[in-house]
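No lab work stands behind these numbers, since they all come straight from the coordinates. Values in this document were obtained by computation on a predicted structure and should not be read as measured data. Don't worry about glycine lacking a Cβ; one is built from the backbone with ideal geometry, like all the others, and counts go over all protein chains shown.
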Amino acid sequence: MFVGPDNGLFTPFLDDPRLRAFELSAAEFRGTAVSRTFHGRDIFAPAAAHLARGIEPARFGSIVTDPVRLAWPEVRVSEGRVGGAVVHVDRFGNLVTSIHADAIASLGSGVAVRVAVKSLPLVRTYGDLGRGDPGALVGSSNRLEIAVNAGSAARALKAGRGTPVVVSRTWSAERRARRRT
């Protein structure tokens with residue numbers, strides 16, 4: 001469950017048909033005084049506490065049918081390839097992409113990640129990369145992230161929000177030869 005403003009913050013989750021959004025309008029689930037500028041304290045924190053106590057979300061208010069959506073890079077899936085873009089650079093310089101782990105898993109094993117002109121390995125953990133080496137992994141947000149062990153991927157790859165990212169199957173020379181015949 002997520003609690004927050006209807007300002008586009010939840011755009012990455014809004015296409016999931018299992019999720020519903022509710023307006024936080026029921027006064028009994030808010031603070032006693034609601035300021036115009038501190039909704040985190042006066043509306044969102046009390047709502048989160050009530051959810052943690054087991055209150056059903058539908059009791060907060062009506063279903064939001066037209067939540068605010070921000071422009072979000074589409075993930076393009078084609079045979080053997082998934083394309084997306086960097087959507088966030090974290091404080092360590094890691095590049096978080098629009099590509100979800102499920103899209104990568106659909107390609108099977110043996111994939112490579114391309115950021116701008118650089119091809120990177122897909123690894124399981126940061127520790128799988130040598131110090132200063134770039135690579136890609138599925139991060140805690142369950143999205144593809146580009147990282148440099150003990151460094152900044154944003155700086156090393158000269159990449160930021162909007163930079164295209166492509167994940168594709170790798171092919172052995174033998175399989176390539178078979179495909180040509």
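A few notes on this one:
- Helix-derived mean residue ellipticity, 222 nm - over the chain, DSSP H n ≥ 4, -39500 (n - 2.57), to 500: -3500 deg cm²/dmol
- Among Val82, Val96, Val117, the order by Cβ neighbours within 10 angstrom, fewest to most, reads Val117, Val96, Val82.
- Full extension of the segment from Thr32 to Arg18, taken as 0.36 nm per residue of separation minus the current Cα-Cα distance, would add 1.8 nm.
- Counted residue by residue at 0.36 nm each, then reduced by the alpha carbon distance between them, the extension gain from Thr11 to Arg114 reaches 34.6 nm.
- Sorted fewest first by neighbouring Cβ atoms within 10 angstrom, Ser119, Ser109 come out as Ser109, Ser119.
- Label point at Ala71 placed 7 Å out along Cα→Cβ; residues across the range 141-168 whose backbone nitrogen lies under 12 Å: 162
- Gap separating the Cα centres of the range 1-15 and the range 106-141, nearest whole Å: 28
- Radius 14 Å from Cβ of Arg20, net charge of other residues (Lys, Arg +1; Asp, Glu -1): -4
- In this Cβ point-charge picture (+1 for Lys and Arg, -1 for Asp and Glu), the range 30-81 has a dipole of about 180 debye about its Cα centre.
- Rounded to the nearest 20 debye, the dipole magnitude of the range 17-135 is 160 debye, with +1 charges on Lys and Arg beta carbons, -1 on Asp and Glu beta carbons, and the Cα centre as origin.
- The mean sequence distance of close C-alpha pairs (under 8 Å, at least 6 residues apart), as a share of the length of the chain, puts its relative contact order at 20 percent.
- Under 14 Å from the Arg81 label point (7 Å along Cα→beta-carbon), backbone N, the range 93-120: 112-117
- Backbone amide hydrogens, once placed in the peptide plane, bring Val3 within less than 5 Å of nothing, excluding anything fewer than 5 places away on its chain.
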